[in-house]
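See below for the structure under consideration.
The values are calculated or read from the model by the stated rules, or taken from the named source; none is laboratory data. A quick note: this is a predicted structure, and the numbers were derived from the prediction, not measured. For neighbour counting, all protein chains shown are included, and Cβ atoms are generated from backbone atoms with ideal geometry for every residue, glycine included. Heavy atoms of the whole protein, side chains included, go into the accessibility calculation; ligands, DNA and RNA do not. Shrake-Rupley method; radii C 1.70, N 1.55, O 1.52, S 1.80 Å.
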Amino acid sequence: MTLHNDIERVLYSEKEILAGIDRVAAELTRTYQGRDFTVVSILKGSCVFASDLIRRIPIPLELAFLAASSYGEGTTSGELEINFFPSGNEIEGRNLLLVDDILDTGRTLHGIKGELMKRGAREVRSCVFLDKPARRTVPLTADFRCFEVENLFVVGYGLDYAGRYRNLPYVGALKSEIFAPSHRAGASG
Ligand code: XMP
């Protein structure tokens, strides 16, 4: 048995993902040409996306990390917790590009953006791998996004369910039996 057995269907293959990232990386390269900026990868979910994305942006950038979790249990949205911030000099006066795995209700990016502006960032923009507009509760639009997804809980390419599936190289929907109460342990970041 492997993780692949738990997947009902693949939404974005590895090849499609990399083509989408190429497109967004080209947009980012045009936008930030001649300007200093820092990519802030939101852990844990965006680490796979961020590492593919930055290697396709051939202009100077810096990299920082921030850890947040918004899923208390299973697949339902919980309170936002920011567990780890970049240092003060990585934030103050900087142009920050927040990179996240998925924009869902919008609470995570909205909360993080507000916190970074409060801590003195010059500008905060956002770039998401997936955008799920059907579930938005906060009026927030990503400045850059690779793909729009339907209202489904998805895993793979950094996205987890109960801490697993981040290492799948594609994005897929889980089989419904995986969501049975006996499987629930809580997902994060
Ligand atoms: P919000 O609702 O704050 O959510 O925009 C952003 C965070 O919630 C997690 N999330 C998901 N994780 N599959 C996942 O594995 C999903 O379909 C999903 N929807 C939201 C994710 O951690 C994201 O950063």
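Summary of values
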read-out: With every protein chain in place, the chain: carbon and sulfur % of accessible area (1.4 Å); value: 50
read-out: Over the chain: helical MRE at 222 nm, DSSP H runs n ≥ 4 each giving -39500 (n - 2.57), nearest 500; value: -7000 deg cm²/dmol
read-out: Rounded to whole Hz, the Karplus (6.51, -1.76, 1.60) HN-Hα couplings of segment 7-17, x for glycine and proline; value: 8, 6, 7, 8, 8, 9, 6, 4, 5, 5, 4
read-out: For the chain, accessible area per residue (1.4 Å probe, heavy atoms of protein chains only), Å²; value: 49
read-out: Per-pair calculated FRET efficiency, R0 = 22 Å: GLU150 and LYS175 via Cβ, rounded to 0.05; value: 0.85
read-out: Of all DSSP beta bridges in the chain, antiparallel share, percent nearest 5; value: 35
read-out: For TYR165, residues with placed amide H under 5 Å, excluding near neighbours; value: none
read-out: For the chain: relative contact order, % (alpha-carbon pairs under 8 angstrom, 6 or more apart); value: 27
read-out: Integer Hz, Karplus 6.51/-1.76/1.60 couplings in order for segment 31-36, x for Gly and Pro; value: 5, 9, 3, x, 10, 6
read-out: Peptides ranked, highest mean first, by Cβ atoms within 10 Å: ranges 33-40, 93-100; value: 93-100, 33-40
read-out: For ARG94, residues with placed amide H under 5 Å, excluding near neighbours; value: ARG122, GLU123
read-out: Integer Hz, Karplus 6.51/-1.76/1.60 couplings in order for segment 160-168, x for Gly and Pro; value: 10, 10, 6, x, 10, 6, 4, 8, 5
read-out: Cβ crowding within 10 Å averaged over residues, with 101-107, 146-152 ranked highest first; value: 101-107, 146-152
read-out: Amide hydrogen neighbours beyond the local backbone of ASP131, cut-off 5 Å, H modeled; value: LEU103, PHE147, GLU148, VAL149
